[in-house]
Structures are given as C-alpha cells and as structure tokens.
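First up is the structure itself, then whatever we jot down about it.
Computed from the coordinates by the stated procedures, all read-outs in this text should not be read as laboratory data. Worth saying up front: this structure is predicted, and the values here are computed from it rather than measured. When we count neighbours, we look across all protein chains shown, and the Cβ atoms used for this are built from the backbone with ideal geometry, even at glycine.
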Amino acid sequence: MNQVIDSILILLTLTGFVLLGSSRLAACIKAVGIQGALLGLLALVVQSGDLSITGVVLALIGATVKGILLPVLLFRAMREADTTREVEPLISFNLSVLAGALELAMSLWIGRHLRLPADPVSSFFVPAAIFTILAGLLVIVSRRKAITQVIGYLMLENGVYVFGTAVALRMPVLVELGILLDVFVGVFVMGIAVFHISRQFDHIDSLRLASLNDRV
Amino acid sequence: MKPQSAFPLLLAIALAPMVQGIINRTKAIVAGRAGQPLMQPYLDLAKLLRKGAVYSETASWVFRTAPAVGLSAIICAGALIPFAAFPSLTHFGGDLVLLGYLLALGRFAIVLGALDTGSSFEGMGASREIAFAALAEAPLFLALAAIVRETGSLSLTPALGAVSINVWNHAAPSMCLTIGALLIVFLTENARIPVDDPTTHLELTMIHEVMVLDHSGPDFAIVQYSAALKMWFLGAIIVAIAVPWHVGNALADAACALAGIAALGIVTGLIEASMARLRLLRVPTLLLTAAMLSALAFVMVAK
Amino acid sequence: MLLALILLPAAAGLVCLLIASDPARRAILIVTAALEAALSIATWVNAPPAQFGGWLAEDALGRLFVTLTSVLFLACSVYAVAYLREEREKVHSDIEEGFFFSNAREASFTGCLLLFLSAMSLVALSQHLALLWVAVEATTLASAPLIYFHRHHRSLEATWKYLLICSVGIALALLGVFFLAVAAIRPGDNAVSLILADLLKDAPRLNAIWLKAAFVLMLVGYGSKMGLAPFHTWLPDAHSEAPSVASALLSGALLNCAFLGILRAHEVCIAGGLGAFSGGLLLGFGLLSMGVAAAFIVGQSDYKRMLAYSSVEHMGILAVGAGIGGAAAFGAILHVVGHSFAKAMLFMVAGNLLAVYRTKTSNDVSGALRIVPVSGLLWMLGILAIIGAPPFGPFLSEFVILKAALDQGRNFVAMAYLAVLAIVVAGMSAPAMAMAYGRPRTGGTEPVRQSIVFSAVPALCCAAILVIGIYLPPVLNRSLHEAAHLFSRG
C-alpha cells in the first residue's frame, strides 16, 4: 500500500515539475488536471483500509471537480480570453525548475521536522504537500498571465488538499464539500475575471494591471 | 580475475553496433518502411575501415589521436560494467566515479579533436556537447548514488548485482525514477532525439554529429564504434536495474539482459519516432528534470 | 435561530439574484437587513442553543461580531438603496480618466451584498474551525463582485488583486486548519474534532510544534484577508475602487471577520500554553502593520486610499491589543466596535464627497463645510474619531491598550505604538482638515443638496461612536468583557 501511495505522491511531485517546466498553457492545465485526478486516487488509496461509501463518493466528486470540471473551465477561459498559448514566464524555465528543486529540498527539510504524529501513511506526505504548495506559489509569482496565476492557485489548493488527504479519515463530509465548493466557485469567479480582463485590456498580462498604486 | 569476467566486455565489443540497427529498424517500421537490415551498422563500419582517411592541413596530431583515445577510454569504462550475472573485468570500491571520469575522458578527446580542426562548425558542436554533457553528469551520478544508497555498495558490479526483485518490492517508485533519469542521460549521451537528431542534415542543428564531421575512413569508424560501445554500456546499466530477475543460471540471466537491451533499443526507436527534437534552449530543462528525478529517487531511498 | 441568521440573508440574496424588479429587490435588501439586525439583537436577550452538535454556537465573541455586522449592514443597506437610486443611469463617465463605463447589474450587487452578509454571519457563528474557513473563503467570493460594481479597468484590477491575494492567503489558512487537526490527532484515536470547545478542552495535549505551525499559517492566511502588513497590498486598491458603501462593509465588517479567524486560533494557542508565542507574533505583525500604514498615510493624496491605509493601521492596533493580552484584550475588542462604526461612517461620507467633487484627490477637495455642510461636518468628526481624539470610542480603546502595555512593562511597545499614532494623527488630520475648511476652488460656493439618507446614516454611526466613548451601557460592557476574556491570557 505504502508503495502505491509513494508512487502517487511522486507522480504529484513530477507533475509539479512538469508544470514548472512546460511552456504551453494547455500542458499546464492538463498537468494541474492530472494532479486533481491523482488526488482523488490518493484519497481512495489512503482510506482503502476501511472503505466507506461517503469516502468513495467524496473522492470521486473531488477527482471529477479537480480533474475534469476545473480543467474544462480553464480551457474555456483560455479560449474565450483568446490569448496566445504560451506561458510567458518572468524567469526562465530552467530557473523555474531549479527554484522548484530548491523548494523540493526545502519541503524535504520541513518534512523532517514536521512529522505526522500518528500512523504515518508515508513519510513523503508532508514534503509532497509542501512542495506542491510552494510550487503553486512559484507559478503565481513568476508568470505573467492572469490565467497562469489561476493555475498556480489551483496547484496550491491541490497541495493543501494532499495534506488534507493525510488527515482525511478525520474530516467531516460537510467540510470537504464546502472546501471543494469554495475552490470551484473561486476558480469559476477567477475565470470570469480573466475573461473580463482580456476584454477590458485586450490581454491577460497581469503585469500590466498596475495602474493602481500610491501616488505620493 | 575469473575467466567469465571478460564476458561482458567481449559481448559488448561484438554486439554493440547491433543496438543502432535495432533503433533504426524500429523507426523504419513505425514509419511504415521496411528499413535497413539489422546488421547495417556493421556493414557501415566495414566500409569505412576499407577507405583511406583524409586530414585537413590545419589539423595536428591531436586530431589524429583523438579517436583512439576516445575508444580506449570507452573500453576501459566498459571493463567496469557487469552484464547480468557476469561480473565486470575488474571492480573495486568507488569504481563508479572512475566510470564517470572515463566517459568524460573519451568525450574530452573527441572535443579536443574537434577544436583542433579549427572549423567553426566543430567548435560549435563541441561547446554544445560539453554543455549538455556537464548537465547530464548530475543526473547520472545522483541516479548511481540512489542505487549505491539502496544496495550499500560503492562498486558497480555488486551494486547492480544486488538490485533484485526484493529491492523493487520495497523501493519501486525510486527505481522507476532512477530508470527515468538514466534513460534521459542515455538519450543525451548518445545524441538521440529529443536532445539531438542523429539523422539531421543541417550542421547548425547538430550537436554530436557536427563535432565529428572532419573524421573520415577508419578514424570515423572508430568514432562511430566508440559511440556504439558507449550506448551499449549505459544501456547495460539501465537494463541491470530494470530487469531484476535472477534465475540462477548465468546464461539464462544473460539472455534476459540481452532481451532487455533489445527492448531498450526498441523503446529508443519508439521515442525517436514519436517525438521531435527539443529546441536547444529547452534541453537544459530536460536534463534538470532528469536531475530532479534522480534526486527524488535518492531522497526516497535515503529516507 | 442561529440557522436563521445565516439562511435568511442567503435565501434573500438568491431571490434578489433571480427577480427582475429593482424596487422589490431594494425592499428585500432593507427588510432582510432589518430582520437580521433584530434577530441578532434578540440573541442577546435569549441565548440560542448550539446547533449541529456544537458546529454552530454563539459565544460572547460570536454574538458581538454577528450583531456588529448586522447592525452595520443595516446602516449600509439603507445607504446602499439611496446610492443605487442615484446610480440609475446606464452610462457613467469616469472621474479620473473621463471614459464611459456602465455598472454591473443591480441584481448582482444586491444579491452579493446579502450573500456576503450570510457568509459573514456564518464566520461569526461557526465554532468548527474548518467551517469557519469555508465561511471566510465564501466572504471573499461573495464580495469580489461588489468591488467590480463599476465596470472599468481600475476596479477590475482591484478585484483581481483582491481575489488572488485573499484566495492564496486563505488557502494557507486552510493548511493551518489541517495542521491543527494533525496537532489534535492522538495515536489510536480516529475521531478528531475541530470544534472550538473540544479543542480548548484538549488544548494542553495538543502537539506543540504542529500547533505553532498551524497558528503561523492561520495568522498569515487570515491576516492577508484582514490586511495585516505585509499582506495588505490588495486593501488600498480594493477600498479605493469599490463603491463607497461596499468599502464601508469591507472595512467595517469583513476585516473583523478575518480578525475573528485569527482570534479563534489564538484562543486555542492560549489554552495550549502557547499564548506567549501567538501573542508575540500578533504583536509583531500588529506593530509592523501600524508602521507600514503610517508610512503610507503621510502624504497620501487619495483620500479613499488614506482611509484604506487607516484600516490597515487599525487592524494593526487590534493585533497589538490581542497580542498584549490582559486588559488590552478588552481594548482590542472595544476598538473593533469603535473602528467598525467610524470607518463605515467615513467611507460613506467619502462617498458623499466623491459624488459632489468628483475627484479622489484630497488636494482638489476643499471647503467641504461650505458646499456640503453636513457631510463636511461628519467628515471632520469622523476623522477626529478615527485618529483617536477624545471623546470618541477609539480614543478610549486605544488608551486602554496603551495603558495595558505600560502596566505590563512593555515600554518599547508602548513607545512605538504612541509614535505611530502620532504620525497618523499628523498624516491624516492635515489633509482632512484642508478638505473640510478652505475656500471652495471650483464651481459655485452654493451648498449642494444631497438626499437626507446620505447624511443621516453616517450621523447615526457617529452618534454610536460618541456613545461608546462617553458611556458604555452595562450590557455592552459586560458582553465586551466576556468576549475579551476569551483571549486575554489570564
């Protein structure tokens, strides 16, 4: 079991690197969707000891929302914003991947110090979660386009969700659904905003959203 | 030194060009062509050996000795690599570091030869080759480090020999990562797609081929043959990790490993048939990713 | 009853989104706001029982915050209806760049206002920390359309920053909630309760490292929503571009809700014996926010941004008060009330000035006392209140915090606190006074008539701050002390 969990966590980490290193928007959206699907799988595997119907249903809903619904939404936003299909990073892809490596090292270090107290399903849980969060933050700050920032946000959420899965056996259903709903609506609203930005500015370059500042 | 420890090296010397043939055949079949015979690389080598060599007026003895130095470095490297149950010709603690340096020495000779011609194309190829090779060393060593950490041995023969079903049972994820990283190193070191296109006809886009453009006749045959040997040895390392079954019978194991090498050739052919060459600027990202893979493998093993 | 407080505005909001008639929608808005305020005041008389196994309950803090929110919302909804009536035309010209833009549909504005109220009530009433998170994130999503009411590029930019920074911050807070869950896990026990009462009961047995990490993440997460520096960058943009009534709600009610999220985590830390750790962090972030805000207030040329930075400063004061603890906790909770009313009032008055002068630059506004006498007067009073002049409420609360700091021997904290307050007094009063007094520059000197609602609502807020400053009704006093006791550290 541990091996399967480890494999999923590694795949999550690798999709994180794919996202950091790929220059195509479509590839990024696909990567984040794959992460979502992996998360659903992870939730299933983690609780495979005592499988309950609610657990399975929740995992399936999560996988559908994060793996299918949100990527479809993002693809639509990309099409409607009628943007070029390039990622347009502020730092080079090599630097992104290197920074990702640094973040991986950092999350491993944190993982050594923050250990899950009870029944450690896999000691890679905390590092994988923290790496995904940090990589999401990196994508948010190092990419120009508004839509890539949404992708980064989604990745960050995925990282938090990985951690949630580690303690999943203990979270009530309502909360899980609420969190999922929030993320969904959040991305939905951001998608609308991206659309408006592209119509208003003829681009979705968030760097040019800079007219508001302090004129002293 | 036992007599059978010469076996891996002899096998490599005899069969190395075949891998090239398998790759070409696979590509041809995927593209819907009949393709050249499997033995074509041998025929090419024979043809080159029969011809005379032409040397540029500006080239010095460095250019003439480069192929020989390259070949001997590769053969020395091959003496460290086991094949299936057969141990390598010689092995000692830390020989995997020597392996890295011997590979580098071979490349150094060829690069010097390329620079010696004074041609701008060859200089360009040499600089690219060195840049990517330097980046490829990180994943290679990290991957080997993961294996060392897992098996607890600093020498290639015992380390690769210890990769068994058992190891896979408790460290499958990191083994997969190691293989992934080594595969990328394999493609880079051997100038295959997606890093380099061995069949390109445009010098500007070449990496390895442009570097050996001035070699001709027997010299070129030696260069080609050392490239084939290098491919075989790196492939043997990958296969030793990827094919962990040990039947007990040395010959059966060797047959297994040979099938593995053939499979590796087919995989390479499939990759070449299905992918395009990466832009030069993107190659470092690929190699960095390979380094990440092997670093991750190392961490997973070390935890 | 608790459920009604949450579901009533949610249902009303959905209805508003669906129906077509503007007058009906405005009626629904006011009626719902009045009902909500009445309901929340009724809970003071008749303490409602906890619901859903303790998920929803009203403790002293929750009662105070839900009442404050609903009363403030009532005031804002009255103002909003008058405002919407003024904004009837289809096309408006921008005051800064002169281009033309249209507003969002009124349905989405009113509907989102009510959904926003519902989410804020849920924040105040939820005792389950994960549910609290869901509610805080919901407030972000419900309030984003309010900021993008004027459909032009600046408000869009503000909305985007708000959405992104707050969502990212809040995602970290969720991680903090998960960390808290991990801190509560004990080997062999599968059920972890994130209900506040259970956490407080088990607090001494919580895992200290995870609890610390959880608090840091929740402080950063909810702090970005609350506008603590250095995560405050969305706040000036959003407050200056949103319609004034939305700014009033954001500043007066929403920031409090985020503060409540931090207070809940602080409560758990105190119960777990980590009060000094969490208090120290709060104190540090509080002082930093005050300092940063003061630096930006001085010389600020845009008066709505000035008010926004003043919000950052006051959030800093709240954090300092909570961080010092003891009597300062009471000061902080009193300051929540005073600041909410004062800031809501100021934003509404700023809206009035904006409507008359059609500029956000404070240098271009002068003679407000002559042109719009009531608004000008209220503007001056509001500024006096917010900079902490007696006899208004904020003076009292800021003084209580200062006294607590000195009593505890934190002289450096007290000095820094005083210095920043002095800078803010200078930085805010100079331009504000110039706006109120002075000779009207452009146009006529004749007083401009505005609807009575526009001055009556802020005037009532002003009366409230004055009352708090002079005489605290015993009921309120007791309740404030009860609330402060929850996080006062002995």
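Between residue C:197 and residue C:434, what FRET efficiency comes out of the Förster formula 1/(1 + (r/R0)^6) with R0 = 56 Å and r the beta carbon distance, rounded to 0.05?
Working: r = 52 Å, r/R0 = 0.93.
Rounded to the nearest 0.05, the efficiency is 0.60.
Based on the mean of other Cβ atoms within 10 Å per residue, sort peptides A:26-36, A:43-53, B:52-62 so the most packed one is first.
Numbers: A:26-36: 22.5, A:43-53: 14.5, B:52-62: 11.7.
Ranked from most to least packed, the peptides come out as A:26-36, A:43-53, B:52-62.
If I take every Cα pair under 8 Å that is 6 or more residues apart in the range C:336-490, average their sequence separation and divide by the length, what percent do I get for the relative contact order? If you can, show how the numbers build up before the last one.
Details: 169 pairs, mean separation 60.8, N = 155.
Computed value for the range C:336-490: 39 percent relative contact order.
In whole Hz and in residue order, list the ³J(HN,Hα) couplings for the range B:252-263 that follow from phi through the Karplus curve 6.51 cos²θ - 1.76 cosθ + 1.60, θ = phi - 60°; x for Gly and Pro.
Using θ = phi - 60°, the values come out as 5, 4, 4, 4, 4, 5, 4, 4, x, 5, 4, 4 Hz.
Using the Karplus curve 6.51 cos²θ - 1.76 cosθ + 1.60 with θ = phi - 60°, work out ³J(HN,Hα) for each residue of the range C:359-366 in order, rounded to whole Hz, and write x for Gly and Pro.
8, 9, 8, 5, 5, 7, 9, 7
Given the range C:423-490, what whole percent of its Cα pairs are spread farther than 18 Å? List each step's numbers first, then the result.
Values: 1581 of 2278 pairs.
Across the range C:423-490, Cα pairs with separations above 18 Å total 69 percent.
Can you show me the helix-derived [θ] at 222 nm for chain B, built from DSSP H runs with n ≥ 4 at -39,500 (n - 2.57) apiece and divided by the number of residues, rounded to the nearest 500. Walk me through the intermediate numbers first.
On the way: 11 runs with 213 residues, N = 303.
So the calculated ellipticity at 222 nm is -24000 deg cm²/dmol.
Which residue, chosen from B:144, B:231, B:77, occupies the Cα position most advanced towards the positive end of the dipole of the range B:20-302, where the dipole is computed from +1 (Lys, Arg) and -1 (Asp, Glu) charges on Cβ about the Cα centre?
Looking along the dipole axis, the top candidate is B:231.
Got the relative contact order for chain B handy, in percent, Cα pairs under 8 Å and 6 or more residues apart?
Working: 465 pairs, mean separation 93.0, N = 303.
Relative contact order for chain B comes out at 31 percent.
With a Förster radius of 56 Å, plug the Cβ-Cβ distance of residue C:412 and residue C:108 into 1/(1 + (r/R0)^6) and report the FRET value to the nearest 0.05. Provide the component values of the computation, followed by the final result.
On the way: r = 49 Å, r/R0 = 0.88.
So the FRET efficiency works out to roughly 0.70.
Just the Cα atoms of chain C: what Rg and Dmax do they give in Å?
When restricted to Cα atoms, chain C yields Rg and Dmax of 21.5, 78 Å.
Taking the Cα centre of the range B:20-302 as origin and charging only Cβ (+1 Lys, Arg; -1 Asp, Glu), how large is the dipole, in debye to the nearest 20?
Numbers: 15 positive and 17 negative charges, 94 e Å.
So the dipole magnitude of the range B:20-302 works out to roughly 460 debye.
Peptide C:174-181: average number of partner chain Cβ atoms within 10 Å per residue? Mind dumping the intermediate values first?
Values: counts 9, 10, 1, 6, 12, 3, 1, 7.
Partner-chain Cβ atoms within 10 Å, mean over residues of C:174-181: 6.
To the nearest 500 deg cm²/dmol, what mean residue ellipticity at 222 nm is calculated for chain A from DSSP H runs of n ≥ 4 alone, each contributing -39,500 (n - 2.57), summed and divided by the residues? Show your work: numbers first, answer last.
Working: 8 runs with 155 residues, N = 216.
The per-residue figure over chain A is -24500 deg cm²/dmol.
Take the alpha carbon gyration tensor of the range C:1-113, find the square roots of its eigenvalues, order them as a ≥ b ≥ c, and report rounded if a/c is under 1.5; if not, report prolate when a/b exceeds b/c, else oblate.
Working: a/c = 2.78, a/b = 2.32, b/c = 1.20.
Prolate shape, in that a/c is at least 1.5 and a/b is the bigger ratio.
Classify the range B:56-131 as rounded, prolate or oblate, taking a ≥ b ≥ c as the square roots of the eigenvalues of its Cα gyration tensor: rounded when a/c is under 1.5, otherwise prolate if a/b is larger than b/c and oblate if not. Kindly include the intermediate steps, with their values, before the conclusion.
Details: a/c = 3.60, a/b = 2.41, b/c = 1.50.
Since a/c reaches 1.5 and a/b is larger than b/c, the shape of the range B:56-131 is classed as prolate.
Among rounded, prolate and oblate, which fits the range A:2-208 when a ≥ b ≥ c are the square roots of the eigenvalues of its C-alpha gyration tensor, a/c under 1.5 means rounded, and a/b larger than b/c means prolate? Please report the intermediate quantities before stating the final value.
Working: a/c = 2.36, a/b = 1.42, b/c = 1.65.
Oblate is the answer for the range A:2-208, as a/c is 1.5 or above yet b/c matches or exceeds a/b.
Restricting things to alpha carbons, find the Rg to Rh ratio for the range B:20-302 using the Kirkwood radius for Rh. Before the final figure, lay out the partial values.
Details: Rg = 18.8 Å, Rh = 19.5 Å.
Rg divided by Rh gives 0.96.
Using only the Cα atoms of the range B:255-303, what semi-axes does the equivalent ellipsoid have when each is the square root of 5 times a gyration tensor eigenvalue? Give whole Å, largest first.
Working: eigenvalues 118, 98, 7 Å².
After scaling each eigenvalue by five and taking roots: 24, 22, 6 Å.
In units of 2.2 N^0.38 Å, what is the alpha-carbon radius of gyration of the protein assembly as shown? Mind dumping the intermediate values first?
Details: Rg = 34.6 Å, N = 1009, 2.2 N^0.38 = 30.5 Å.
Normalised Cα radius of gyration, the protein assembly as shown: 1.13.
Where does chain C land at 222 nm, in deg cm²/dmol rounded to the nearest 500, when only DSSP H runs of n ≥ 4 count, each adding -39500 (n - 2.57), divided by all residues?
Working: 20 runs with 362 residues, N = 490.
Counting only the DSSP helices, I get -25000 deg cm²/dmol.
Over the whole of A:10-20, what's the average partner chain Cβ count within 10 Å per residue? Rounded to a whole number, please. All intermediate terms of the calculation are to be shown ahead of the outcome.
On the way: counts 8, 2, 0, 4, 6, 0, 1, 6, 1, 0, 4.
Averaged over the peptide's residues, the number is 3.
Starting at the first residue of the range C:229-238, write each ³J(HN,Hα) from the Karplus equation 6.51 cos²θ - 1.76 cosθ + 1.60 with θ = phi - 60°, in whole Hz, x for Gly and Pro.
Working through the residues one at a time gives 5, x, 9, 8, 4, 6, 5, x, 5, 5 Hz.
Using only atoms on other chains, find how many Cβ atoms lie within 10 Å of each Cβ of peptide C:233-240 and report the average. Working shown, then result.
Details: counts 2, 1, 0, 3, 5, 1, 0, 1.
Mean shielding count: 2.
Would you please give the FRET efficiency between residue C:456 and residue A:109, computed as 1/(1 + (r/R0)^6) with r the Cβ-Cβ distance and R0 = 51 Å, to the nearest 0.05? Before the final figure, lay out the partial values.
Numbers: r = 59 Å, r/R0 = 1.17.
That pair, residue C:456 with residue A:109, gives E of 0.30.
Which of the aspartates and glutamates could a cross-linker span from residue B:47 if the Cα-Cα distance has to be under 20 Å and same-chain partners fewer than 8 positions apart are dropped?
B:209, B:214, B:219
What is the range A:2-208's relative contact order, in percent, from Cα pairs under 8 angstrom and six or more apart in sequence? Don't jump to the answer; show the numbers that get you there.
On the way: 266 pairs, mean separation 54.5, N = 207.
Computed value for the range A:2-208: 26 percent relative contact order.
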